[in-house]
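The values are calculated or read from the model by the stated rules, or taken from the named source; none is laboratory data. This structure is a prediction, so every number in the text was calculated from the model and none was measured. FYI the Cβ positions are ideal-geometry reconstructions off the backbone, even for glycines, and counts take in every protein chain you see.
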């Protein structure tokens, strides 16, 4: 059984002019346990809407999202989320920010603190537990957000453009860091990104979405070897995969 299954998922909104906007239409895909899946598509195609439905923030208009075989009908403890902005509480130290899910879910604090310390080691922030967010770089803040998203041992980690606000060099380093974290934790990850290169570099599969109403128009298996290195981006194999996705999105020069 896949850890996550999207079955005929549709989302409609009432518009301000009294009409109806269809954001997502009849999405179908599965995500296996431990798999890294990326979703790309044009702005407004419903990528973030999909993530919010999986996070239990939005409800579906049709179809369903299943996690561990159970419908997602609201926020759940077995889902972790990382957003584009780290959203750290500025008055809480790094360790206390990582511990927030334990407070929200009422987890025992002694093992939670032990896990938080282990996760800070995993994201290479040993020695920063007592720092405040303002004392960290943007990339370091995002690593804190990833540790926070993993604290309660979720079945799936949802990531919504987590590196979109970072500069290009920091973003490349964060891609490498995320692969190391994924390799060590083996968590299932669903990543929303606007970057085709980032999607191909990170993921096992890339789901390509159409303009609104968002549909899955291609599913690209990324058979590049792991561990991945930035040099791979210059290979013909990497170029062929990104070209295929660009062609599906209509952004290849004729």
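Numbers below:
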quantity	calculated
Conditions (1) crowded, with 18+ Cβ neighbours inside 10 Å; (2) under 19 Å from residue 83 (Cβ atoms); (3) touching a strand residue (DSSP E or B) at 6+ places or on another chain (Cβ under 9 Å): number failed by residue 155	(1)
Cross-chain or 6+ apart pairs with Cβ under 9 Å, region 93-113 first and in contact (Cβ under 8 Å) with a residue 40 or more places away in the chain, then exposed (fewer than 12 other Cβ atoms within 10 Å of the Cβ) and part of a helix (DSSP H, G or I)	102/111
Qualifying residues in region 161-197 (those that are within 16 Å of residue 83 (Cβ to Cβ) and assigned to a helix (DSSP H, G or I)) - the one nearest to the chain's Cα centre (by Cα)	178
Unique residue being touching a helix residue (DSSP H, G or I) at 6+ places or on another chain (Cβ under 7 Å) and surrounded by fewer than 19 Cβ atoms within 10 Å (Cβ to Cβ) when the list is 174, 169, 109	109
Selection count where residues are modelled with pLDDT of 95 or more, surrounded by fewer than 19 Cβ atoms within 10 Å (Cβ to Cβ) and closer than 23 Å to residue 163 by Cβ, scope region 72-94	3
Qualifying residues in region 114-136 (those that are touching a residue at least 40 places away in the same chain (Cβ under 8 Å) and in a helix (DSSP H, G or I)) - the one surrounded by the fewest Cβ atoms within 10 Å (Cβ to Cβ)	134
